[in-house]
Amino acid sequence: MTRVLDVSNLEGGYGSVQILYGIDMYVDEGEFVTVIGPNGCGKSTFIKTIFGIATYYRGGILYRGEEVSGWRTDQLVNHGIAYVPQVDNVFPSLSVLENLQMGGNSLSQRVLGERIERSLDMFPDLRNREYDLAASLSGGERQMLAISRALISDPKFLLLDEPTAALSPLYQQQIIESIDSLRDAGITILIVEQNARLSLARSDRGYIISNGKVVHSGDAQHILTDPEIGEYFLGSTGE
């Protein structure tokens, strides 16, 4: 099996403020891997460090065997990696269609049109909203748009930062199901989530980060059913 991501002893943070203290993690091709942990534990910083947004200090970040630590985000996108942030992930003053077009400025009109159609097929709720401003969308629809725009670059590896945050239970379920379905299109998934139970139920494996370190990893179903892990990291309501 192809190793898509292989992170070793990763340290990072924001400027001089260190958040990550030696993260080890891997993702194989076709996997859906979820990273969970308490608020402020470093899980979002981890995914941002991979994508070149947070400050990389040291450690290895291999993407398909190639060292990519310190790469610019555009270089990562050109190599098949896409990232969907938790907030500020759409342009509210642009229409749905214009947001999607922004995801493929360098593409030919034919290729861009094909990819937009494919994205709208994946999220049919957006098809009837093509000309509506993104500001008018619900939270769930905005998240669909953010994921759709990331797909315009035709990624093979998708990083998502808390895609179900602040959504209704119905939209949470719909978003996670849609993300899981991306594997059928050959996309490998790494997701940071607060709704641990919902995401782990769809995942192959999971990692738990606490205080900037991985404190547990394993099969997602094992994490879901282990009573000690549930008590400390999943919570009675799955938050």
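What follows is calculated from the coordinates using simple rules that are stated; it is not laboratory data. Source: prediction; values computed, not measured. A quick note on method: Cβ atoms are made from the backbone with ideal geometry, for glycine too, and the neighbour counts reach across all protein chains shown.
Structure above, values below:
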item	result
Relative contact order of the range 1-150, defined on C-alpha pairs under 8 angstrom at six or more residues apart (%)	21
DSSP bridge orientation in the chain - percent antiparallel, rounded to nearest 5	60
Formal net charge of residues neighbouring GLY104 (Cβ-Cβ distance under 15 Å; K, R +1; D, E -1)	-1
TYR14-ASP74 pseudo-label distance in nm [points 7 Å out on the Cα-to-Cβ vector]	2.6
Chymotrypsin sites (Phe, Trp or Tyr not before Pro) restricted to DSSP loop in the range 77-166 with at most 10 other C-beta within 10 Å	TYR131
Mean shadow area of the range 102-239, taken as a quarter of the surface of its Cα convex hull (nm²)	9.5
Approximate spin-label separation TYR21-ASP219, in nm, with each point projected 7 Å along Cα-to-Cβ	3.2
Computed FRET value (nearest 0.05) for GLU228 with MET1, which takes r as the C-beta separation and R₀ as 22 Å	0.15
Relative contact order (%) - the range 25-84, alpha-carbon pairs under 8 angstrom, separation at least six	21
Centroid-to-centroid separation of the range 112-148 and the range 46-77 [C-alpha atoms, Å]	28
Residue of ARG118, ARG149, ARG205 that the Gaussian network model of the chain assigns the largest fluctuation, springs spanning Cα pairs under 10 Å	ARG118
Extension reserve of the GLU130-ASP28 stretch, reckoned as 0.36 nm per residue once the Cα distance is removed	33.2 nm
Rg/Rh (Cα only; Kirkwood hydrodynamic radius) as it applies to the range 123-186	0.94
GNM top mover of SER203, SER108, SER153 - the chain, alpha-carbon springs below 10 Å	SER108
Ellipsoid semi-axes in whole angstrom, largest first, where each is sqrt(5λ) of the Cα gyration tensor of the range 36-97	23, 18, 9
Correct option for Rg and Dmax of the Cα atoms in Å [calculated from the coordinates] among [x] 20.2, 69; [y] 17.3, 53; [z] 22.3, 68	[y]
Mean separation of Cα contacts under 8 Å (6+ apart) over length of the range 130-239, as relative contact order %	20
Length added when fully stretched, GLU66-SER138, from 0.36 nm per residue minus Cα-Cα	22.0 nm
